[in-house]
Amino acid sequence: VAAEVLSGHRALRHRVEAADRADPTLIDELLAAALSASDLGQAEQALSYARSAVDLASDAESERALLELGLIAMRFRMHERILELRPAYEAATPSPTRDAVLLEIRTLSRDLPGALALALAFEERPATTPDERALRSHVAEALPKVQMAMGDFPAVLDHLEAARRHIAESPDPAEVSDPALRWLAAPQDDLTRLLGWAVISAAHARRPDLFVPLV
């Protein structure tokens, strides 16, 4: 009743509180609201909408909701808020999006061998669409974090040129078909983080020949 006389965020929250079964229309609205909040930089709001979608989704909608929640957590560096859902991500159908999200979750869960295996497999797969290239650009920057966490600083430096190449192939956001992935098409952000990992790794690896030019 409240939802019928209210509008916007308040109406949607009342509908969520009243829902006791899966409603595909409500799931669609929650995920659309989550994406809109994400684009406005409203991280808590976006995560709340997406988490509600996951909690209410039917089996047919659950993976889509789970992936969009994972992308929002990735976007705002809030992976710790979804760590308890790791079994669901592990059981989800493998896909580039699922693997990119799971890579971050495994890394934060300290499953470094598992994260490394995902990242290396991701790098070996061809990226034939703009969506896949946007995801691969992100993974090119995420792989060094895993290698650093494992103490393998020379591997970060060995990966540097391949990572730069993948990031250079990142598409224009307008080319990305999935709106939930468009924020990933930000090559300058990926390059800046990659440079940070390279500087740190060159210092740890005692490579002044690389450290000085990187700085």
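In degrees between 0 and 90, to the nearest 10, how far off the longest principal axis of the chain does helix 112-124 point, with axes built from Cα atoms?
80
Please compute P(r) over all alpha-carbon pairs of the chain, binned at 10 Å starting from zero, and give each bin as a whole-number percent.
That works out to 8, 31, 33, 18, 8, 3, 0, in percent per bin.
Pop out the ³J(HN,Hα) list for region 31-47 in order, Karplus 6.51 cos²θ - 1.76 cosθ + 1.60 with θ = phi - 60°, rounded to Hz; leave Gly and Pro as x.
Values, residue by residue: 5, 5, 5, 5, 5, 4, 5, 4, 5, 8, x, 8, 4, 4, 4, 4, 5 Hz.
With angles folded into 0 to 90 degrees, how steeply does helix 8-18 sit against the dominant principal axis of the chain? Use alpha carbons for both and round to 10.
70
Expressed as an acute angle from 0 to 90° and rounded to the nearest 10, what is the orientation of the C-alpha long axis of helix 96-108 relative to the principal long axis of the chain?
Compared with the principal axis, the helix lies near 70 degrees.
Toward the positive end of the charge dipole of the chain, about the Cα centre and with charges on Cβ (Lys, Arg +1; Asp, Glu -1), which of 93, 153, 134 goes farthest?
Working it through, the farthest residue towards the positive pole turns out to be 153.
Mind ordering 44-51, 169-176 by average Cβ neighbours within 10 Å, highest first?
Top to bottom by mean Cβ count within 10 Å: 44-51, 169-176.
Taking the Cβ of residue 176 as the center, what net charge do the other residues with Cβ under 11 Å away carry, scoring Lys and Arg +1 and Asp and Glu -1?
On the way: positive: 133, 182; negative: 131, 132, 172, 175, 178.
Net charge around residue 176: -3.
Pairs of alpha-carbon atoms within less than 8 angstrom and 6+ residues apart define the contacts here; what relative contact order does region 46-150 have, in percent?
Relative CO of region 46-150 lands at 20 percent.
If each DSSP helix of 4+ residues adds -39,500 (n - 2.57) and the sum is divided by the residues in the chain, what number results at 222 nm, nearest 500 deg cm²/dmol?
When only DSSP H runs of four or more count, the value is -23000 deg cm²/dmol.
Any read-out appearing in this document is the output of simple, stated calculations on the displayed coordinates, not a laboratory observation. Predicted model only: the values in this text are computed from it and were never measured. Positions of Cβ are backbone-derived with ideal geometry, glycine not excepted, and every protein chain shown enters the neighbour counts.
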